Amino acid sequence: MLLSVVTPADTDQRRPAVSEVLAVTEPDVESAWRRRSGLNPSLIAGGILVGAVVLTALVSYVWTPMDPTHVVVSDRFRAPGQGGHLLGSDALGRDVASQIMAGARNTLLVGMVTVVIALLVGVPLGGVAALYRGWAEELVMRLSDLVLAFPALLLAFLFAAVFHASTLTAMGAIGIAFVPVFARVVRGAGLQVMEQDYVTAARTFGSSTLGIFFRHLLPNVASVMIVQGTIAFAIAILAEAALSYLGLGTPPPTPSWGRMLSDAQNYLAQSSTLALWPGLSIALSVLGFNLLGDGLRDLLDPKLVQRIPPQ
Amino acid sequence: MSAVSAPTEPVVRVSDLSVRVGTVEAVHSVGFELAAGRRTGLIGESGSGKTLTALAVMGLLPDGLSASGRAVYREQDLVALSEAELCRLRGDRLSMIFQEPLSALNPVQTIGEQVAEPLRLHRGLGGRESLARARELLERVQIPRAAEKLGQYPHQLSGGQRQRAMIAMAISCSPEVLIADEPTTALDVTVQAEVLRLLDRLVDEEGATLLLITHDLPVVAGLCDRVLVMYGGHLVEEGAVGEVFDSPRHPYTLALLESIPSLDQELPSGRFRAIPGAVPGLGQFPSGCPFRNRCPRATELCATMPALEGEGHRAACWHPAS
């Protein structure tokens, strides 16, 4: 489905069959076609916002207006546009625009690493539960209940207390908190896949359990994983910002949107716009990933796609 | 397809095979042999245990079902083999074709990938090689524009083409035993005939031993040498196709044959002949002979299950018809 859904030629050729067989009206076919062709507004808006964040992060590696960590105390609390500071400067005279750009790297890193941790641990666990059932499934599900029952924030506190608070402990805590979500989704989708005749057929042709996991289970849960991953990305950005705000995330001097926000809070009287920029960045990137996730869900979720009957 | 077949060495010897669904026995100590290179039809109504018997032989029973007894293939008891050993045999030496090709093909994998899969698993062929072989196989099962179909997904093929692709997968490693579970039930009548002709030709070319599961009696008559009749999880009659169809012994087989409407004969009462009553649900068959509550010949004797009796043509009935 993943690839065939978006093949325009295929859909064009079958469009009359849909209206005849399902007796759907033209507008339905139109909206189904639009949905299949991927032109939904949230996908476009999400794509643009996420694209902007990624582009900013990439550009920051080669160019920022100023050195984001360069402290010029005489230059503190500049208003936006003053002294060459596009978005002003903070309490230590650092350029806010440059910090926002460099902070995008941190944001994306956190999102990616947490989603990768959640995928690497959650998908195999969910797969094992769906493939082997029995006590393995019971163990995985009860473990995930345990993690779900344990607030992610407490886990972050724990990590920060045991190790030193760093981006890594934040990412670890957020990643682990996501593991049960992914394990459950994979198990649920996997159980459905295991019921299918083609899994029995694959076993008939000699596929091992591992082969079934990679060739049948994974491709069939891939679309769900992409959507889940995108939404988890958004939550991870927010979580990292929250942890940095509490001082449990990225330590200085590495620029981080969450810490910029918490720093700015102390100087709201001196410079009211200082809190605006990191806050806006967090809000827009979270919105972007959420919209992208929604858009991808519309595009990829088989339950929402107009199923074209065979023949 | 001769009516009388000389006995050859059996490839698969099933004895005392039972399948349990929870506490209910769905297949009751079935025993039969598949002679090398012969075609055997397994007929019966829905719920008679035909498919469960086949799945038990392949070691593919779903969770919660268990098999006991023996199904010996080349001195290996398939019921007792480990999953890893079964994986080696399945798709290579033993293969199976399913009833519903759309659901038996993975919707997110191309036809080429799927047909090439058994070759990769059992012949160790690489990607390019196995795809080239898959293309040859698709041509062999007469799928038009095979090269193009390799990259297509199951939903892009017609029902007949999908079943042909299934057959291509099943014969890809030249299996010795091929089980076809109602291979044409889900197809149009015209396509059915083509697929059966194809199956007939391929089984001949490969010299495979075929077990054809169906409820379509004419298909068995046209394609098979021997026939097994199942009812209520019991094997009730077995013999060469000609003998069983010409002179059925078990009242169930007789009733099945009589319920085939004839085109050139006026129906005596103006109605189709049917077997009275309905097939009971699982676990609700009467004790003794499972057919006795629908059987016109039933007596008190039928409360105990008769054994399969006879030479060559065997039936499990106290009051055989002929």
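The values are calculated or read from the model by the stated rules, or taken from the named source; none is laboratory data. This is a predicted model, so every value here is computed, not measured. Neighbour counts are summed over all protein chains in view; Cβ atoms, including those assigned to glycine, are modelled from backbone coordinates with ideal geometry. In case anyone asks, the SASA skips ligands and DNA or RNA and just uses the protein heavy atoms, side chains included. Shrake-Rupley method; radii C 1.70, N 1.55, O 1.52, S 1.80 Å.
Does the stretch B:295-319 hold any residues that are open to solvent by 60 Å² or more (accessible area, probe 1.4 Å), within 11 Å of B:His250 (Cβ to Cβ) and part of a loop (DSSP other than H, G, I, E, B), and which are they?
Across the stretch B:295-319, the qualifying residues are B:Arg297, B:Trp318.
Quick one: which of B:Leu211, B:Leu228, B:Leu119, B:Leu157 is open to solvent by less than 10 Å² (accessible area, probe 1.4 Å), in contact with an Asp or Glu (Cβ under 7 Å, 6 or more places away or on another chain) and closer than 28 Å to B:Cys87 by Cβ? Steps first, answer last, please.
Values: B:Leu211 fails: in contact with an Asp or Glu (Cβ under 7 Å, 6 or more places away or on another chain); B:Leu119 fails: in contact with an Asp or Glu (Cβ under 7 Å, 6 or more places away or on another chain); B:Leu157 fails: in contact with an Asp or Glu (Cβ under 7 Å, 6 or more places away or on another chain).
Only one candidate passes the filter, namely B:Leu228.
How many of the residues making up the stretch A:53-67 are within 16 Å of A:Ile237 (Cα to Cα) and open to solvent by less than 50 Å² (accessible area, probe 1.4 Å)? Please lay out each step first, then the result.
To start, the set of residues in the stretch A:53-67 that are within 16 Å of A:Ile237 (Cα to Cα) comprises A:53-54, A:56-57.
The next check asks that each one be open to solvent by less than 50 Å² (accessible area, probe 1.4 Å); those that pass are A:53, A:56-57.
Matching residues across the stretch A:53-67 total 3.
Conditions tested, residue by residue: (1) within 28 Å of A:Ile44 (Cα to Cα); (2) modelled with pLDDT of 80 or more; (3) part of a helix (DSSP H, G or I).
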position: A:Gly247; (1), (2), (3): no, no, no
position: A:Pro252; (1), (2), (3): no, no, no
position: A:Pro255; (1), (2), (3): no, yes, no
position: A:Gly258; (1), (2), (3): yes, yes, yes
position: A:Leu261; (1), (2), (3): no, yes, yes
position: A:Ser272; (1), (2), (3): no, no, no
position: A:Leu280; (1), (2), (3): yes, yes, yes
position: A:Leu291; (1), (2), (3): yes, yes, yes
position: A:Leu299; (1), (2), (3): yes, no, yes
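Open to solvent by less than 10 Å² (accessible area, probe 1.4 Å), touching a residue at least 24 places away in the same chain (Cβ under 8 Å), under 25 Å from the mean Cα position of the chain (by Cα) and within 13 Å of chain A (Cβ to nearest Cβ) - does that describe any residue in the stretch B:138-152?
There is no residue in the stretch B:138-152 that is open to solvent by less than 10 Å² (accessible area, probe 1.4 Å), touching a residue at least 24 places away in the same chain (Cβ under 8 Å), under 25 Å from the mean Cα position of the chain (by Cα) and within 13 Å of chain A (Cβ to nearest Cβ).
Every residue in the stretch A:104-159 that is open to solvent by 70 Å² or more (accessible area, probe 1.4 Å) and β-branched (Val, Ile, Thr), please.
Result: A:Val116, single match.
Output the number of residues of the stretch A:218-252 satisfying the condition of being among the β-branched types (Val, Ile, Thr) and within 14 Å of another protein chain (Cβ to nearest Cβ). Outline the logic, then answer.
First, the residues of the stretch A:218-252 that are among the β-branched types (Val, Ile, Thr): A:221, A:224, A:226-227, A:230-231, A:235, A:237, A:250.
Still in the running and within 14 Å of another protein chain (Cβ to nearest Cβ): A:221, A:224, A:226.
Of the residues in that region, 3 qualify.
Select from the stretch A:190-210 the residues that are open to solvent by less than 20 Å² (accessible area, probe 1.4 Å) and out of contact with any Ser or Thr (no Cβ under 8 Å at 6 or more places or on another chain) and list them in ascending order.
Kept after step one, since they are open to solvent by less than 20 Å² (accessible area, probe 1.4 Å), are these residues of the stretch A:190-210: A:190, A:193, A:198-199, A:201-202, A:204-207.
Of everything in the stretch A:190-210, those that are open to solvent by less than 20 Å² (accessible area, probe 1.4 Å) and out of contact with any Ser or Thr (no Cβ under 8 Å at 6 or more places or on another chain) turn out to be A:Gly190, A:Val193, A:Val199, A:Ala201, A:Ala202, A:Gly206, A:Ser207.
Could you tell me which of the residues B:Ala186, B:Ala165, B:Ala170, B:Ala180 is within 19 Å of the chain's Cα centre (by Cα) and at the interface with chain A (Cβ under 8 Å from one of its Cβ atoms)? Show your work before the answer.
Working: B:Ala186 fails: at the interface with chain A (Cβ under 8 Å from one of its Cβ atoms); B:Ala165 fails: at the interface with chain A (Cβ under 8 Å from one of its Cβ atoms); B:Ala180 fails: at the interface with chain A (Cβ under 8 Å from one of its Cβ atoms).
The unique qualifying residue is B:Ala170.
(1) within 19 Å of A:Ile48 (Cα to Cα); (2) in contact (Cβ under 8 Å) with a residue 40 or more places away in the chain: which one isn't true of A:Gly279, the others all being true?
Failed condition: (2).
Among the residues of the stretch B:100-122, count how many are modelled with pLDDT of 85 or more, more than 7 Å from chain A (Cβ to nearest Cβ) and out of contact with any Leu (no Cβ under 7 Å at 6 or more places or on another chain).
Residues meeting the conditions: 2.
Results for (1) among the small types (Gly, Ala, Ser); (2) at pLDDT below 85; (3) under 17 Å from the mean Cα position of the chain (by Cα), shown as yes or no for each residue.
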| position | (1), (2), (3) |
| --- | --- |
| B:Glu194 | no, no, no |
| B:Leu210 | no, no, yes |
| B:Val229 | no, no, yes |
| B:Ala255 | yes, no, no |
| B:Pro276 | no, yes, no |
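Only one of (1) open to solvent by 40 Å² or more (accessible area, probe 1.4 Å); (2) in a loop (DSSP other than H, G, I, E, B); (3) more than 16 Å from B:Gly91 (Cβ to Cβ) is not met by B:Leu187, so which one is it?
Among (1) open to solvent by 40 Å² or more (accessible area, probe 1.4 Å); (2) in a loop (DSSP other than H, G, I, E, B); (3) more than 16 Å from B:Gly91 (Cβ to Cβ), B:Leu187 violates only (1).
Kindly state which helices (runs of 4 or more DSSP H) lie completely within the stretch A:133-217 and contain at least 2 residues that are of a type outside the set (A, V, I, L, M) and more than 14 Å from every other protein chain (Cβ to nearest Cβ).
Working: elements: A:134-149, A:152-162, A:167-195, A:197-204, A:209-212.
Here the list reads A:134-149, A:152-162, A:167-195.
How do the pairs read when you match residues in the stretch A:115-131 that are of a type in the set (S, T, N, Q) with residues anywhere that are modelled with pLDDT of 90 or more, using Cβ under 9 Å and keeping only pairs 6 or more apart or on different chains?
none
Is it true that some residue in the stretch B:234-241 is surrounded by 19 or more Cβ atoms within 10 Å (Cβ to Cβ), in contact with a Leu (Cβ under 7 Å, 6 or more places away or on another chain) and over 22 Å from B:Glu139 (Cβ atoms)?
Yes, some residue in the stretch B:234-241 is surrounded by 19 or more Cβ atoms within 10 Å (Cβ to Cβ), in contact with a Leu (Cβ under 7 Å, 6 or more places away or on another chain) and over 22 Å from B:Glu139 (Cβ atoms).
Name the pairs: first residue in the stretch A:167-187 and closer than 17 Å to A:Met141 by Cβ, second residue part of a helix (DSSP H, G or I) and modelled with pLDDT under 85, Cβ to Cβ under 7 Å, at least 6 apart or on different chains?
A:Ile176/A:Leu155; A:Ala177/A:Ala152; A:Ala177/A:Leu155; A:Val185/A:Val224; A:Val186/A:Val221
Just to be sure I understand, how many residues within the stretch B:203-234 are assigned to a strand (DSSP E or B) and more than 16 Å from B:Ile179 (Cβ to Cβ)? Lay out the reasoning, then the answer.
If we filter the stretch B:203-234 for residues that are assigned to a strand (DSSP E or B), which is where we start, we get B:209-214, B:226-231, B:234.
In the following step, the residues that additionally are more than 16 Å from B:Ile179 (Cβ to Cβ) were identified as B:229, B:231, B:234.
Within the stretch B:203-234, residues that are assigned to a strand (DSSP E or B) and more than 16 Å from B:Ile179 (Cβ to Cβ) number 3.
I need a count of the residues in the stretch B:74-91 that are in contact (Cβ under 8 Å) with a residue 12 or more places away in the chain and of a type in the set (Asp, Glu).
Count: 1.
Can you tell me which condition B:Ala134 does not meet? The list is (1) open to solvent by 50 Å² or more (accessible area, probe 1.4 Å); (2) more than 24 Å from B:Thr185 (Cα to Cα); (3) within 13 Å of chain A (Cβ to nearest Cβ), and all the others hold.
Checking B:Ala134 against (1) open to solvent by 50 Å² or more (accessible area, probe 1.4 Å); (2) more than 24 Å from B:Thr185 (Cα to Cα); (3) within 13 Å of chain A (Cβ to nearest Cβ), the one that fails is (1).
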